[in-house]
């Protein structure tokens with residue numbers, strides 16, 4: 001009777017460890033390192049991101065760091081893309097994109113099956129040609145993906 005209880009207890013421990021390992025492997029972040037000008041996939045979208053260099057948005061302020069994002073949906077369902085997926089790392093800090101209300105800004109767009117869109121966005125970081133710029137691309141929550149891409153945009 002006691003040995004049956006020990007076997008059941010050990011079986012429960014092994015089963016809980018198996019469930020924990022499975023959940024950990026599903027939730028782990030898959031970091032994809034990408035060089036400038038390379039196409040990559042995060043979640044259901046394929047991206048091509050290029051650094052625009054300095055972007056003049058206001059004559060009274062310094063030029064900002066601007067990027068152009070091309071997102072392609074190779075799947076069979078509509079997929080959203082948002083400016084909030086992108087974070088610029090510069091000067092040891094992480095910056096989110098800012099919406100300047102410009103035509104072609106990347107806010108939130110739906111990309112249909114087989115479609116491709118090209119939008120631009122900018123970051124409230126003064127452009128410095130000697131600075132290293134890395135971009136992190138994360139999936140939206142509804143994409144349910146653990147992929148994260150890091151792209152070196154300048155001075156790699």
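A residue that is touching a residue at least 40 places away in the same chain (Cβ under 8 Å), part of a strand (DSSP E or B), surrounded by 12 or more Cβ atoms within 10 Å (Cβ to Cβ) and out of contact with any strand residue (DSSP E or B) (no Cβ under 6 Å at 6 or more places or on another chain) can be found somewhere in segment 48-62.
Any chance segment 133-150 includes a residue that's farther than 20 Å from residue 32 by Cβ and part of a loop (DSSP other than H, G, I, E, B)?
From segment 133-150, those farther than 20 Å from residue 32 by Cβ are none; that's our starting set.
No, the conditions are met nowhere in segment 133-150.
Scan segment 67-93 for residues that are within 18 Å of residue 156 (Cβ to Cβ), surrounded by fewer than 15 Cβ atoms within 10 Å (Cβ to Cβ) and in contact with a strand residue (DSSP E or B) (Cβ under 8 Å, 6 or more places away or on another chain) and the total you get is 1. Screening the candidates 45, 31 for the property of being touching a residue at least 40 places away in the same chain (Cβ under 8 Å), in contact with a helix residue (DSSP H, G or I) (Cβ under 9 Å, 6 or more places away or on another chain) and on the phi < 0 side of the Ramachandran plot yields one hit, 45. Among residues that are modelled with pLDDT of 90 or more, outside any strand (DSSP E or B), surrounded by fewer than 13 Cβ atoms within 10 Å (Cβ to Cβ) and out of contact with any strand residue (DSSP E or B) (no Cβ under 8 Å at 6 or more places or on another chain), residue 13 is included. The single condition from (1) modelled with pLDDT of 85 or more; (2) touching a strand residue (DSSP E or B) at 6+ places or on another chain (Cβ under 9 Å) that residue 18 fails is (2).
Can you work out which of the residues in segment 141-152 that are at pLDDT below 90 and touching a strand residue (DSSP E or B) at 6+ places or on another chain (Cβ under 6 Å) is surrounded by the fewest Cβ atoms within 10 Å (Cβ to Cβ)? Per the criteria, the residue is 146. Scan segment 84-106 and give yes if some residue there is touching a residue at least 60 places away in the same chain (Cβ under 8 Å), in contact with a helix residue (DSSP H, G or I) (Cβ under 9 Å, 6 or more places away or on another chain) and farther than 21 Å from residue 132 by Cα, otherwise no. For segment 84-106, residues touching a residue at least 60 places away in the same chain (Cβ under 8 Å), in contact with a helix residue (DSSP H, G or I) (Cβ under 9 Å, 6 or more places away or on another chain) and farther than 21 Å from residue 132 by Cα: absent. In segment 111-122, the condition of being closer than 17 Å to residue 52 by Cα, touching a strand residue (DSSP E or B) at 6+ places or on another chain (Cβ under 9 Å) and outside any strand (DSSP E or B) is met by no residue.
The values are calculated or read from the model by the stated rules, or taken from the named source; none is laboratory data. Owing to the predicted nature of the structure, the values given are computational and were not obtained by experimental measurement. Glycine also receives a Cβ, built like all others from the backbone with ideal geometry; neighbour counts cover every protein chain displayed.
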